[in-house]
Amino acid sequence: MGRFSTRAIVLGLAAPLGALVFSALICAFILMVTDHSPIETVDAMSAAAQRPRTLVNSLNTATTYYLAAVAVAVGFKMKLFNIGVDGQYRLAAMLSATLAGAAFMDSLPSFLRITMTILAAMLVGAAWSGLAALLKVTRGVSEVISTIMLNAIATYLVSYLLNPARLAQNVPGSNNISTRPITEGGRVDGLVVTGSTSKIFALVFLAVAVGFLYWFVLTRTRFGFELKTTGLSESAAVASGVSVKKMVVYSMLISGAVAGLVGMPQLLGASYSYALDFPAGIGFTGIAVALLGRNHPVGMAVAALLWGFLDNTANSLDVAGVPREIVLIMQGVIVLSVVVAYELIRRYRVRAEQHEVGRALGRTKTLEEVSS
Amino acid sequence: MRRMRGIRLAAGLLALGLGLAACGSETTPGTGGDTTSGTAPKASNVKVGLAYDIGGRGDQSFNDSAARGLDKAKAELGIEVKELEAAAGETDAQKEDRLIQLAEGGYNTILAIGFAYEGAVAKVAPTFPEVKFAIIDSEAPEAANVANLVFAEHEGSFLVGAAAALKSTTGKVGFIGGVNVPLIQKFEAGFTAGVKAVKPDATVDAKYLTQPPDFTGFNDPAKGETAANGMFDAGVDVVYAAAGGSGNGAFKAAKAKGKLGIGVDSDQYNLPSLADVKDVIITSMVKQVDVAVFDFVKSVNDNTFKSGKKVYDLKAGGIDYSTSGGKVDDIKAKLDEYKQKIISGEIKVPATK
């Protein structure tokens, strides 16, 4: 399968591009029906694309989406559906923020503080997804059910801990409540961009590294091979001596550890504390991004950037008088049509291969010849 | 093949539609905007940008109250307004972007609805010194061009707590909070204090519908109904629903079981959307976000803008209890007595549990 024919590339790109065009058409239709101009919408979007601040924010949003997508994709490769990325990253962000903000950390060197924070987040994320893995291998509980429930439990746990009597404090003069803010040395400074008030998260490089590791482990290591094999066929994996249970636990732990990273760029690069308004729901966006990017490290990056950009143009659309909800509609339609498009392309490919085989073997027999 | 042709046809039609729409937008430049200068009593150079909290206009609660104030300002002062909404799960950077876009778009009076904007206001306000900002529910951002409009919800809650205790025959009253956040805990603290002031041995059954970051508790009538039913079954006979749109469900439960309810934010007895359950609403804790919004816009319009904290409490009239429906007429004297005591400082209402 290692050949790169133009046809393979075209087929690979046809599905996502087709879905994109299709959803753009649907959105244009919806805009027209609701008395808004699609042209103005495109205009507002392209104006947003020329604003450095929007681009920086898009990249930053994409960074967190990408990490979430990789976390989901690790599970997907094993046919495991980790819906719990959301709860895993929120709990991880909250607890690691508490650690990073703790007073004793102030005296430690910056590098150590940041490393400890990130490792703590990975540990918490892995521990939380590990519960689901444990339930699956010992009791056969579907990870879909258990991770959804663990999301709810994480929500309650976080709001129990995020209390002045426990790990948090009231923000002075505000109705907000947060963990102790991380002081200067524990933060990760962003990259300044001229013309933008937001800085680029330095942890964008962490996301790139995670993406590279994901690619490397899956395609270049024995572990990655076993992971994919188990995902494709459990019986084949067992026959070749792979312990399925072990693989379930490993992949869930890795998925959870990556999920733990999701909150890090925002926490260490912008928020500096976990508060009531810490962004939630990124885990679910990660599922959509992983689907759109087909679990491919580059595909998911493109999908995350697209998602981040769409999210951040919403304000511009709102200002231009176009309802911001059109962004949600567009994202929804993209995901749905991409799933359909991939299936159509897959069928086309199968048929094309059959044709090719037929041609290679000579003339295909007619029905009469076959039945006689 | 026929299906293919159908798709091609649809695509063609769409393309045609696109072209038509483009023509349409070219022939009608600038008529679509939000200007009301034509019908306004007098034109003003104040342009108001308002950034809602999650839920936006139409949430039957907090945001709607702000929207009412904005509508009033638009009608009475003849100003141009622009309303932008927040999305769930967004970051501070996106909120900043919203405020900056308003400021850059020439909106010189900007309102941020809700404490979630405090970080964004603190960062954006200093870079636009000529723009006047207001933030509701937060004292945190301090700048020469920021007005902090805060409310003493606990004082109003104290009064409806007293009303609940006076109306209760079982000595058990209920508190339903939308989401378990400090703001709503403030309502509970005041309510409980009010109940205890009247009947020290009365009990308050408190329940929060959701935990953050799940903010659906402010807009889920089904959850409100379940919680209220549970309380009524346990002997509670008056429920205070500090839960935005979820209160609707609590009132429905009260009506079905012949119990009483207390509204929040607006004078809910008079809300058209609650018309069929209004006879169980004995009073409401009125938080006049609309007044604060209107006052702020007017102050900018009249050049009397003042920065810093402005407290809307019982004394200033920004917080009150409502008497619509006449269900508390018999205890009004008693409630007004408490009100005077709070205003004079004789009673200090706790803002935290």
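The values are calculated or read from the model by the stated rules, or taken from the named source; none is laboratory data. Owing to the predicted nature of the structure, the values given are computational and were not obtained by experimental measurement. Quick reminder, even Gly has a Cβ in these numbers, built from the backbone with ideal geometry, and neighbours come from all protein chains shown. Keep in mind that these areas ignore ligands, DNA and RNA; they rest on the heavy atoms of the full protein, side chains included. Shrake-Rupley method; radii C 1.70, N 1.55, O 1.52, S 1.80 Å.
At-a-glance table
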| item | result |
| --- | --- |
| Residue among A:LEU291, A:LEU232 that is at pLDDT below 95, under 12 Å from A:VAL70 (Cα atoms) and open to solvent by 30 Å² or more (accessible area, probe 1.4 Å) | A:LEU291 |
| Residue among B:GLY58, B:GLY78 that alone is open to solvent by 10 Å² or more (accessible area, probe 1.4 Å), on the phi > 0 side of the Ramachandran plot and more than 9 Å from chain A (Cβ to nearest Cβ) | B:GLY58 |
| Helices (runs of 4 or more DSSP H) wholly inside segment A:1-100 containing at least 3 residues that are more than 16 Å from the chain's Cα centre (by Cα) and at pLDDT 95 or above | A:52-77 |
| Search result, residues across segment A:149-162 that are open to solvent by 40 Å² or more (accessible area, probe 1.4 Å) and either more than 9 Å from chain B (Cβ to nearest Cβ) or closer than 13 Å to A:ALA93 by Cα (or both) | A:MET149, A:ILE153, A:LEU157 |
| One residue from B:GLY161, B:GLY171, B:GLY177 being closer than 13 Å to B:TYR240 by Cα and more than 13 Å from chain A (Cβ to nearest Cβ) | B:GLY161 |
| Residue that is farthest from the other protein chains (Cβ to nearest Cβ) [pool: residues in segment A:163-172 that are touching a strand residue (DSSP E or B) at 6+ places or on another chain (Cβ under 7 Å) and assigned to a loop (DSSP other than H, G, I, E, B)] | A:LEU167 |
| Qualifying positions in segment B:107-122 - among the aliphatic types (A, V, I, L, M) and open to solvent by less than 20 Å² (accessible area, probe 1.4 Å) | B:ILE110, B:LEU111, B:ALA112, B:ILE113, B:ALA116, B:ALA120, B:VAL121 |
| Matching entry among A:VAL124, A:VAL141, A:VAL204, A:VAL192 (being away from chain B (no Cβ under 11 Å), closer than 30 Å to B:ALA103 by Cα, touching a helix residue (DSSP H, G or I) at 6+ places or on another chain (Cβ under 7 Å) and among the hydrophobic types (A, V, I, L, M, F, W, C)) | A:VAL204 |
| Criterion: over 19 Å from B:ILE319 (Cα atoms) and in contact (Cβ under 8 Å) with a residue 12 or more places away in the chain - qualifying residue of B:VAL264, B:VAL280 | B:VAL280 |
| Of residues in segment B:311-353 being polar (S, T, N, Q) and open to solvent by less than 70 Å² (accessible area, probe 1.4 Å), the one nearest to the chain's Cα centre (by Cα) | B:SER322 |
| Residue list for segment A:105-127, restricted to those being open to solvent by 20 Å² or more (accessible area, probe 1.4 Å) and among the polar types (S, T, N, Q) | A:SER107, A:SER110, A:THR115 |
| Options A:ALA73, A:ALA121: the member that is touching a residue at least 24 places away in the same chain (Cβ under 8 Å), under 20 Å from A:ALA303 (Cβ atoms), aliphatic (A, V, I, L, M) and assigned by TED's automatic domain parsing to the domain that holds A:VAL262 | A:ALA73 |
| Which listed residue, of A:ARG180, A:ARG166, is without any contact (Cβ under 8 Å) to a residue 24 or more places away in the chain and charged (D, E, K, R) | A:ARG166 |
| Residue that is modelled with the lowest pLDDT [pool: residues in segment A:341-351 that are exposed (fewer than 12 other Cβ atoms within 10 Å of the Cβ) and charged (D, E, K, R)] | A:GLU343 |
| Matching option when the condition is surrounded by 16 or more Cβ atoms within 10 Å (Cβ to Cβ) and at pLDDT 95 or above, among B:ALA51, B:ALA87, B:ALA21 | B:ALA51 |
| So B:GLY58, is it at pLDDT below 95 and farther than 30 Å from A:VAL262 by Cα | yes |
| Total residues in segment A:352-368, condition open to solvent by 80 Å² or more (accessible area, probe 1.4 Å) and at pLDDT below 85 | 8 |
| Residue match in segment A:128-148 (condition: farther than 30 Å from A:GLN50 by Cβ, touching a strand residue (DSSP E or B) at 6+ places or on another chain (Cβ under 6 Å) and open to solvent by 60 Å² or more (accessible area, probe 1.4 Å)) | no |
| Of the criteria (1) charged (D, E, K, R); (2) touching a residue at least 60 places away in the same chain (Cβ under 8 Å); (3) more than 7 Å from chain A (Cβ to nearest Cβ), which one B:GLU139 fails | (3) |
| Test: residue in segment A:79-92 that is in contact (Cβ under 8 Å) with a residue 12 or more places away in the chain and open to solvent by 50 Å² or more (accessible area, probe 1.4 Å) | yes |
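Yes/no matrix, rows are residues, columns are (1) at pLDDT 95 or above; (2) closer than 21 Å to B:LYS309 by Cβ:
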{"position": "B:GLU142", "(1), (2)": "no, yes"}
{"position": "B:VAL146", "(1), (2)": "yes, yes"}
{"position": "B:GLU155", "(1), (2)": "yes, yes"}
{"position": "B:GLY161", "(1), (2)": "yes, no"}
{"position": "B:LEU166", "(1), (2)": "yes, no"}
{"position": "B:THR169", "(1), (2)": "yes, no"}
{"position": "B:LYS172", "(1), (2)": "yes, no"}
{"position": "B:PHE175", "(1), (2)": "yes, no"}
{"position": "B:VAL179", "(1), (2)": "no, no"}
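One line per residue, one yes/no per condition, for (1) open to solvent by 40 Å² or more (accessible area, probe 1.4 Å); (2) more than 9 Å from chain B (Cβ to nearest Cβ):
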{"position": "A:ILE9", "(1), (2)": "yes, yes"}
{"position": "A:LEU17", "(1), (2)": "yes, yes"}
{"position": "A:LEU20", "(1), (2)": "yes, yes"}
{"position": "A:LEU31", "(1), (2)": "no, no"}
{"position": "A:HIS36", "(1), (2)": "yes, no"}
{"position": "A:GLU40", "(1), (2)": "yes, no"}
{"position": "A:VAL56", "(1), (2)": "no, no"}
